[in-house]
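The structure under discussion appears below in the form of structure tokens.
The values are calculated or read from the model by the stated rules, or taken from the named source; none is laboratory data. Bear in mind the structure is a predicted one, so any value in this text is a computation, not a measurement. Note that each Cβ is placed from the backbone with ideal geometry, even for glycine, and that neighbours are counted across all protein chains shown. For accessibility, only protein heavy atoms count, side chains too; no ligands or nucleic acids. Shrake-Rupley method; radii C 1.70, N 1.55, O 1.52, S 1.80 Å.
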Amino acid sequence: MVRRRRVGIAISGGGSNMAALVAAARAADYPAEVALVVSNRPDAGGLAKAAAAGVPTAVVDHKAFGDRQAFEIALHAEMVRHDVELVCLAGFMRLLTPWFIESWMDRMINIHPSLLPAFPGLHTHARALAEGVKLAGCTVHFVRHAMDTGPVVGQAAVPVLSADTPETLAARVLAAEHRLYPRCLALVASGRAAVVREGGTERVAIAAEPPPPEAFVWPSRD
Ligand code: GAR
């Protein structure tokens, strides 16, 4: 029997990556279950998709809080209330404070629509086209303090075509995101992907097999 880690997915928009994770988690042998989909925007299209899929949803509207940390305390409380063990950011468009990042150290992953460390931040596809790169793609990484940094779990590359616009490139990358994110979440939730720290640097080592349950020490939240 596979141990299914409880995942909280944070979204801000349409939630197509969230839907890909929910679909993957329907398989009985998938090592994660979606315990919560939470949005900082009450009008996020992904909320209805999650509810239609039978996943618990919540809204923590950042505009209702006086400062970033008060918002994050409420977001954290929602995760804890749903016994979330691992957070997936999936088109979640809020910068996080060190407090939240430390609270979920090694237990929070993000998907970004570029081959990091190239093109962190916004407007990645327009910037990739402006640079004339021939490969674009997406990255799933553990979340660290600087935006769009952290040890890489996995990447997928797609070609950049001469006729591409930011929109056509975004669509090609998004299709790759939907394949990549479920595979990376499975690696992390099963314990196959682990952060290795050596000489002041960090990277993710991928084991061929999941560790036996007694050897799998899940990073502590406390
Ligand atoms: C995705 O392309 C995701 O990689 C990107 O927002 C989109 C969300 O789409 N995230 C970021 O840019 C975060 N830096 P979705 O809501 O349909 O999953």
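Over the chain, accessible surface divided per residue gives 48 Å², non-protein components excluded, 1.4 Å probe. Applied to the stretch 49-57, the Karplus parametrisation 6.51 cos²θ - 1.76 cosθ + 1.60 on θ = phi - 60° returns per-residue 3J(HN,Hα) values of 4, 5, 4, 5, 8, x, 9, x, 10 Hz, with x for Gly and Pro. Coupling constants for the stretch 15-30 follow from the phi torsions by the Karplus curve (6.51 cos²θ - 1.76 cosθ + 1.60, θ = phi - 60°), and in residue order they are x, 6, 5, 4, 4, 5, 5, 4, 5, 5, 6, 6, 5, 4, 9, 6 Hz; glycine and proline get x. Taking 0.36 nm per residue of separation and subtracting the current Cα-Cα distance, fully stretching the chain between Ala175 and Ala163 would add 2.5 nm.
With unit charges on the beta carbon (Lys/Arg positive, Asp/Glu negative), name the residue among Ser39, Phe71, Met105 whose Cα is farthest towards the positive pole of the charge dipole of the stretch 38-127. The residue sitting farthest along the positive end of the dipole is Ser39.
A cut-off of 5 Å between modelled amide H atoms, ignoring neighbours fewer than 5 places along the same chain, links Val160 with Leu135, Ala136.
The magnitude of the dipole of the stretch 144-215, with charges of +1 and -1 set on the Cβ of Lys/Arg and Asp/Glu and taken from the Cα centre, is near 60 debye.
Would you work out if the stretch 8-124 is rounded, prolate or oblate? Take a ≥ b ≥ c from the square roots of the eigenvalues of the alpha-carbon gyration tensor; rounded if a/c is under 1.5, else prolate when a/b is larger than b/c, oblate otherwise. Show your work: numbers first, answer last.
Values: a/c = 1.35, a/b = 1.13, b/c = 1.19.
It is rounded, given that a/c, with a ≥ b ≥ c, falls under 1.5.
By the helix-only formula, in which each DSSP H run with n ≥ 4 contributes -39500 (n - 2.57) and the sum is divided by residues, the chain has a 222 nm mean residue ellipticity of -9500 deg cm²/dmol.
Which residue fluctuates the most in the chain, going by a Gaussian network model with Cα springs under 10 Å, if the choices are Ala186, Ala32, Ala208? Looking only at Ala186, Ala32, Ala208, the biggest GNM fluctuation is shown by Ala208. Database remark: amide H of Val204 closer than 5 angstrom to the amide H of Val152, Val196 (H placed geometrically; neighbours at sequence offset of 5 or more, or on other chains; Pro and chain starts carry no H).
Given charges of +1 on the Cβ of Lys and Arg and -1 on the Cβ of Asp and Glu, with all other atoms neutral, how large is the dipole of the chain about its Cα centre, in debye to the nearest 20?
Working: 22 positive and 21 negative charges, 58 e Å.
Roughly 280 debye, rounded to the nearest 20.
So which trypsin sites (Lys or Arg not before Pro) in the stretch 1-78 pass both tests, a DSSP loop state and at most 16 other Cβ atoms within 10 Å of the Cβ?
Arg3, Arg26
Taking a ≥ b ≥ c as the square roots of the Cα gyration tensor eigenvalues, the stretch 70-201 comes out prolate, since a/c reaches at least 1.5 and a/b is larger than b/c. Accessible surface of the chain, 1.4 Å probe: 58 percent of it comes from carbon and sulfur atoms. Computed extension length for Arg183-Val133: 15.4 nm, one decimal, from 0.36 nm per residue of separation with the Cα-Cα distance subtracted.
Residues of the stretch 7-24 with amide nitrogen under 18 Å from the 7 Å Cα-to-Cβ point of Ala51? Flagged as within label range: 9-16, 18-19.
How much length, in nm to one decimal, is gained on full extension between Thr97 and Val196, taken as 0.36 nm per residue of separation minus their Cα-Cα distance? Before the final figure, lay out each step's value.
Working: separation 99, 0.36 × 99 = 35.64 nm, distance 2.34 nm.
Stretched out fully, the Thr97 to Val196 stretch lengthens by 33.3 nm.
Which is farthest toward the positive dipole end of the chain among Ser190, Ala48, Ala118, measuring Cα position about the Cα centre, with Cβ charges +1 (Lys, Arg) and -1 (Asp, Glu)? Going by the Cα projections, it comes out as Ala48. Amide H contacts for Met93 (H built 1.01 Å from N in the peptide plane; partners 5 or more residues away or on another chain; cut-off under 5 Å): Ser12. Take the alpha carbon gyration tensor of the chain, find the square roots of its eigenvalues, order them as a ≥ b ≥ c, and report rounded if a/c is under 1.5; if not, report prolate when a/b exceeds b/c, else oblate. Since a/c stays below 1.5, the shape of the chain is classed as rounded.
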